[in-house]
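Reading through the structure tokens given below for one structure.
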Amino acid sequence: MEKKVTVLPGDGIGPEVVASAVKVLQAIGKKFHHTFHIAYATIGGAAIDQHGDPLPQETIELCEESDAVLLGAVGGPKWDHNTAELRPEKGLLRIRKHFDLFSNLRPVQAIPSLIKSSPLKDDLVKEVDLLIVRELTGGLYFGEPRKRTNEEAIDSLVYSRLEIERIVENAFELARVRRGKLTSVDKANVLETSRLWRQIVDEKKAQYPDVEVEHSLVDSTAMKLITNPGAYDVLVTENMFGDILSDEASVITGSLGVLPSASIRSDNFGLYEPVHGSAPEIAGKGIANPAATILSVAMMLRYSFGLKEEATEIEHAVNAAFNDGFFTSDLATSGNQALTTDEWTEKVLNKIDPSFVSDSIITTYI
Ligand code: NAD
């Protein structure tokens, strides 16, 4: 298989974790005889500095020519006081909207050797294997009208049937290839958009008799995610509820540094990125944990390229590195020596292909 991947390293630790993930992608390409053409472009603060725009036209064009995009992270104190249009995060919102990346997937899975890092009791965490499917391009964050005066402010929560149908269908499809359980999260006791959401989930149910469906109010879901996270398989919800619940779910496993994410369009084009941010205080030190970005590459292989075996290979290699007691400083305990980003990446590469020598990555920015 031959695929084009645009890599957007971004800011802070973004370039460091992305460099590791690109090496892993190359190792998988070599082992399974695929060619991944990789091109680099800027986004976020780096793009503001170089092009005066957090999402330059050149970056959009390069992504348009690609089959998938891998992103590091954006933001940092340098740009914190910029105007809204010149904030690094604006680049992220714009790329999601431009490419109609309506389905945001965030898997949360217990990694046995990391369970001790969780703030929850071991027994609650060890069974956790859930996937949050969040609608990403509609709802309160994009609804019109939207205005603010000194006396009043308005945000609008708007969802069309089409927007709900496509995310719900996506979640049913994902549930059927997992454990066949779908939890649809809403606030149907109060909100009209939630009532339409619930109605559409019930309509779609007939097409997926192999999927067990439950409706759950967002407030009680927030509690159950902490008291019984192992009970969930796939959760599907609208934009703002998904934003909050996925951040809540991200602490279950105990490390931000291991959580990948995907934002996908209906033709499977997708943007893949770690859940964490640019961690400016550790940027440039070579100690960032690249696991979340490496696992984001596994998601790219699975969801955009349909390469399930290759994706599983990466996930096993990451788990094996942890199980062998190799950790970066964010996860190392007093009994374990902390590895640098490069050293930990080498452990993962070694699991995939002991003979693989990672080439020096030539980074060119447009
Ligand atoms: P953060 O995720 O960058 O960092 C939170 C904490 O986790 C910090 O202590 C950091 O050192 C640590 N951490 C995060 N990723 C790590 C990794 N891979 N390895 C080791 N430690 C890691 O969140 P923050 O501090 O709230 O935000 C910092 C900047 O990142 C801000 O400018 C924020 O706007 C931006 N941000 C960007 C994204 C994104 O690009 N998608 C997401 C969240 C935050």
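The values are calculated or read from the model by the stated rules, or taken from the named source; none is laboratory data. Everything quoted here is computed from the prediction, not taken from an experiment. Using ideal geometry, Cβ is built from the backbone for each residue, glycine included, and neighbour counts are taken over all protein chains shown.
ARG96 passes every criterion in (1) assigned to a loop (DSSP other than H, G, I, E, B); (2) surrounded by fewer than 22 Cβ atoms within 10 Å (Cβ to Cβ); (3) of a type outside the set (Asp, Glu) apart from (1).
Of all the listed residues (ILE13, ILE60), the sole one being free of Cβ contacts under 8 Å to residues at least 60 places away in the same chain and assigned by TED's automatic domain parsing to the domain that holds ALA279 is ILE60. For segment 157-229, no helices (runs of 4 or more DSSP H) sit wholly inside it while including 1 or more residues that are under 20 Å from MET240 (Cα atoms) and outside the structural domain of ILE244 (by TED's automatic domain parsing). Here ASP210, ASP202 are screened, and the one residue that is closer than 25 Å to GLY230 by Cβ and of a type outside the set (A, V, I, L, M) is ASP210. Condition check: farther than 21 Å from GLN337 by Cα, surrounded by 23 or more Cβ atoms within 10 Å (Cβ to Cβ), more than 7 Å from the ligand (Cβ to nearest atom) and free of Cβ contacts under 8 Å to residues at least 60 places away in the same chain. Does LEU301 satisfy that? In short, no. Within the option set LYS347, LYS285, being within 16 Å of the ligand (Cβ to nearest atom) and without any contact (Cβ under 8 Å) to a residue 12 or more places away in the chain holds for one residue only, LYS285. Here is a list of conditions, (1) within 17 Å of VAL17 (Cα to Cα); (2) touching a residue at least 24 places away in the same chain (Cβ under 8 Å); (3) assigned to a helix (DSSP H, G or I), and SER261 meets all of them except one; can you say which number that is? Against the list (1) within 17 Å of VAL17 (Cα to Cα); (2) touching a residue at least 24 places away in the same chain (Cβ under 8 Å); (3) assigned to a helix (DSSP H, G or I), SER261 comes up short only on (3). Looking across segment 251-306, the residues that are of a type in the set (S, T, N, Q) and within 26 Å of HIS37 (Cα to Cα) come down to SER261, SER263, SER266, ASN268, SER278, ASN289, THR293, SER296, SER304.
Looking only at residues in segment 218-261 that are within 16 Å of the ligand (Cβ to nearest atom) and of a type in the set (D, E, K, R), the one that is farthest from the chain's Cα centre (by Cα) is GLU248. Do we have any residue at all in segment 59-69 that's crowded, with 17+ Cβ neighbours inside 10 Å, assigned to a helix (DSSP H, G or I), of a type in the set (A, V, I, L, M, F, W, C) and touching a Phe, Trp or Tyr at 6+ places or on another chain (Cβ under 8 Å)? The answer is yes, given that some residue of segment 59-69 is crowded, with 17+ Cβ neighbours inside 10 Å, assigned to a helix (DSSP H, G or I), of a type in the set (A, V, I, L, M, F, W, C) and touching a Phe, Trp or Tyr at 6+ places or on another chain (Cβ under 8 Å). Looking only at residues in segment 329-346 that are in a helix (DSSP H, G or I) and touching a strand residue (DSSP E or B) at 6+ places or on another chain (Cβ under 7 Å), which one is surrounded by the most Cβ atoms within 10 Å (Cβ to Cβ)? Looking at the filtered set, the residue picked out is TRP344.
In segment 70-85, of all residues being surrounded by 15 or more Cβ atoms within 10 Å (Cβ to Cβ) and outside any strand (DSSP E or B), the one that is farthest from the ligand (Cβ to nearest atom) corresponds to TRP79.
Of everything in segment 266-277 that is under 14 Å from the mean Cα position of the chain (by Cα) and not hydrophobic (A, V, I, L, M, F, W, C), the residue that is surrounded by the fewest Cβ atoms within 10 Å (Cβ to Cβ) is GLY277. In the set VAL108, VAL158, only one residue is away from the ligand (no atom under 16 Å from the Cβ) and modelled with pLDDT of 95 or more; that residue is VAL158.
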